[in-house]
């Protein structure tokens, strides 16, 4: 065996051609790349539609929780202080008001004239409020503002014909709806999906 045979590798053309063929087959064609991009586009479209629905559902949940929290706080403050507390729901402007956080209730709500102050309203994003039955059926006649008055003994009086408020998305394609119903005897608030 000569020295060259031991040191240099076998440089025949066959392994080089095989290696070149392997490199040619390792890439992607333009058609394969376009198919992958099209599939990704379809998946992004589906995900964005789902995301819109999820976001609208969360907005309904947040608005219902904000209203429920205001009612529970009003009930608790009325029971502990002995003073009537008020929670208002503006059915035309989609806003919530409460006398709980106002030191002087006269600034927030005048019970004699049933008039709310302008600085106490909190807007709710992309949600619609409606007067409704406890089953979630909207009332035929709705006041502009629905006011719940939580008394010191636990009783509740309300303006309007029902004890419930329907909370639904401002987007009509979203079907998620919640109904808040207040017991006129105990003042407890119940939330259910319709």
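So the values come out like this:
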quantity: Debye equation applied to the C-alpha atoms of the range 30-193, log10 I(q)/I(0) at 0.10 Å⁻¹; calculated: -0.42
quantity: Approximate spin-label separation residue 192-residue 175, in nm, with each point projected 7 Å along Cα-to-Cβ; calculated: 1.9 nm
quantity: Radius of gyration, Dmax [the range 65-153; alpha carbons; angstrom]; calculated: 13.0, 36
quantity: Three-way shape call for the range 47-97 based on the alpha-carbon gyration tensor, with the a/c threshold at 1.5; calculated: oblate
quantity: Projected label distance in nm at residue 152 and residue 44, using a 7 Å step from Cα toward the beta-carbon; calculated: 6.3 nm
quantity: Gyration tensor verdict on the range 111-194 (Cα atoms; rounded if a/c is under 1.5, prolate if a/b is larger than b/c, oblate otherwise); calculated: oblate
quantity: Relative contact order computed over the range 30-193 (Cα-Cα under 8 Å; 6+ residues apart), in percent; calculated: 23 percent
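Bear in mind these aren't lab numbers, they're just calculated from the coordinates by the rules spelled out. From a predicted model like this one, the values you see are computed outputs, not experimental measurements. Every residue, glycine among them, receives a Cβ derived from its backbone with ideal geometry; neighbour counts consider all protein chains shown.
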